[in-house]
Amino acid sequence: MAKQGSGSILQFAPLQSSVDEGFWHRLSSLKLNKFGIDDSPIPISGFYAPCSHPQVSNHLTLLAESLPSDSNDESTMPPVIRGNRNRCYVPGILYNTNTMEGFHALYKQALLKAEAMKIWEDIHSGKAVEDCAVLSRVLLISFADLKKWNFHYWFAFPALALDPPATLVDLRPASQWFTLEEAESVSAACNEWRNSSVTADVPFFLVSIGSDSHAAVKHLKDLEACQRDGQKLLFAFYDPCHLPNNPGWPLRNFLALISARWNLKTVRFLCYRENRGFADLNLSLVGEALITVQQGWREQQCVPNAVGWELNKGRKVPRCINLAKSMDPTRLAISAADLNLKLMRWRALPSLNLEILFSLKCLLLGAGTLGCQVARMLMAWGVRKITLLDNGRVAMSNPLRQSLYTLDDCLNGGDFKATAAVRSLQRIFPAVEAEGIVMAIPMPGHPVSSQEEKSVLEDCKRLNDLIDSHDVIFLLTDTRESRWLPTLLCANSNKITITAALGFDSFLVMRHGPGPFNSILNLKAETENSLAAGMDNLALTNTDGQHRLGCYFCNDVVAPTDSTSNRTLDQQCTVTRPGLAPIASALAVELLVGILHHPNGIFAEAEIANSSSGGNFELPLGILPHQIRGSLPHFQQMTLLGHSSNSCTACCSTVVSEYRKRGMQFILQAINHPTYLEDVTGLTELMRSANSFQLDWDDDIEVADDECVEL
């Protein structure tokens, strides 16, 4: 190649940026989970390497590890791993704004000047000589639109401008500048420097050549020793540029260091480039430049002008990338679904525990009007593991009110609701772990023949196993008696249980209290039937002595019986006002979230609206009631409290004890004999006593008006 330069201004090839998708994914995670609305500067690290191809320049790259870890530790610095020959470390800073308007309003020149000031200070303090990686810096401003997965960004590579600019005297391929002996020695020395884990990623260095043509590569701090020896000296740097007539961008700040630190006016430099991991002196360049800066330019208080904003197709405008199309649809769905929940933690609900919600296992008994709505609400709160149990099929009348079904589910006799609901949930959110169980729940008042006993007992055992393997049970069936067995099993296993029930224009949503034998009783003594006389009273309290909350059956004075036989069509179907189910379902799920975020969980006391006697905890989700009863005709809701009953047919200590002693035989007897539960709990005796109780009325006594009490 002919000699280049001869008095022209030295021009540098700008750095080019490259951002790995993993960088944007981690930034999104940090923004949602760690930083929130905090738009403070974020330290980052970029990487580059010497050019390794005669027609392609290397870019400065940002990877996922360029950002701090998304763990909850206090460190905000990205991890720096040195010694990688393909990753020369470049420190930097990221300004990620909260809005697009904020992105455009950033004072870009001031930000660039501030980063250039850091380089200038490192030059004057000597830090740039000790750790030459700080001679290069990267500045990135961005706005992440996490709803559309658009990332707007603009890179700058701050460079100190010499005033006046350096003059290029000579520039040629290194192979033409060195003798053959020098070329061999320089190549060997550079390869050794690059292959050492200590110096492989040190991007600025010295190449000294003795009179015997022997070359050595040394650190910048060894400059004075090289000058004393009278050796031929070149200031070398890893050049990411491939152009034959221009050195790369890192040389700009290198020349500023040479001029300000050592006051050299003539500088010979080596643009080190490679081919297949080894020094390529045909691709590498050697040049000579003259530096004649103005008086006072080298003073620390006189900060040079800064340049370095990256051009986008020749224009000074930011770039934009959309990752929605390149992302896996399931992953994209998860990110979008979690967006609202994670945004809650920014301001409104910092204590929201998403980990609990994401790992929660919910069992929904009933996949009808309530079950469909509850499943949708659970997914909206981030619950991913949902099991639906139902033995019915989708009828033509269902899709309008039961939101998980369509007309296709009704054809050919109708699909099973449990399986059709799962398909629908997976279409809505592919990441949901949903399972459908087609099974009938054994019920009291629905006797079974001896031929059916085995099948019914298997269903009972399966239901028990399902309840044991889930964290939360929703009772959403459309008959009273179908809720009895799940209530008993939940009381026995001490599971969080939520009931939602509908009338024509009213609803009930309630949480069941803990079981009678949660952690205060000796189960061995109980199974040996040596319960003390006061056991019933003891089982009415929790571990802290508070009254235990009641279940769905605690206020009943009769056992659940067959409620479906001999009924007209309107009594057989769940006839309700259409708006009722969504209201009750939403409240049921909100009640669950309240329980999960209460310090006492299932043992939390009941709180009543407008009451000062509620819990002592400041709960961000509000009060945690026991029962919510609503009326559409009056557009009213009431929060009520009902304590457990020692005669309850589902959760009292007597019933649970009988179940623990007799197991499935107890359940079978309760199913086949309508009065058995009333006999066991004492309700039969209670009714007999009530019927025999007589009141004597004295009609002759007159009551004065002022003795009347208004109720």
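The values are calculated or read from the model by the stated rules, or taken from the named source; none is laboratory data. Here the structure is a predicted model, which is why all the values come from computation and not from measurement. Here the Cβ is made from the backbone with ideal geometry for all residues, glycine too, and neighbour counts use every protein chain on show. Heads up: the accessible areas ignore ligands, DNA and RNA and are worked out on the full protein's heavy atoms, side chains in. Shrake-Rupley method; radii C 1.70, N 1.55, O 1.52, S 1.80 Å.
The table below lists the values:
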| quantity | calculated |
| --- | --- |
| Solvent-accessible heavy-atom area per residue, rounded to whole Å², over region 167-308 at 1.4 Å | 42 Å² |
| Arg347-Val448 pseudo-label distance in nm [points 7 Å out on the Cα-to-Cβ vector] | 5.6 nm |
| Whole-number percent relative contact order across the chain, with pairs defined as alpha carbons under 8 Å at least 6 apart | 10 percent |
| Efficiency of FRET between Val307 and Gln176 - r from beta-carbon atoms, R0 22 angstrom, step 0.05 | 0.10 |
| Solvent exposure of region 318-440 as accessible area per residue, Å², 1.4 Å probe | 46 Å² |
| Region 94-120 and region 161-218: distance between their alpha carbon centers, rounded to Å | 36 Å |
| Cα→Cβ-extended label distance, 7 Å offset, between Ser71 and Ala440, nm | 5.5 nm |
| Residues in region 660-681 reached by a label modelled at Val558 [backbone nitrogen below 19 Å; 7 Å Cα→Cβ] | 670-681 |
| Inter-label distance, nm, simple model (7 Å from Cα along the C-beta direction), Thr675/Asn340 | 5.3 nm |
| Portion, in percent, of the accessible area of the chain that falls on carbon or sulfur, probe 1.4 Å | 50 percent |
| Mean separation of Cα contacts under 8 Å, 6 or more apart, over the residue count of region 167-308: relative contact order % | 30 percent |
| Gyration tensor over alpha-carbon atoms, region 167-308, equivalent ellipsoid semi-axes in Å | 25, 17, 15 |
| Cut-off 13 Å (backbone N to label point 7 Å along Cα→Cβ of Ser8), residues of region 243-257 | 244-247 |
| Of Lys108/Lys316; Lys31/Lys148; Lys113/Lys316; Lys127/Lys232; Lys148/Lys325, pairs whose Cα-Cα distance is over 19 Å | Lys127/Lys232 |
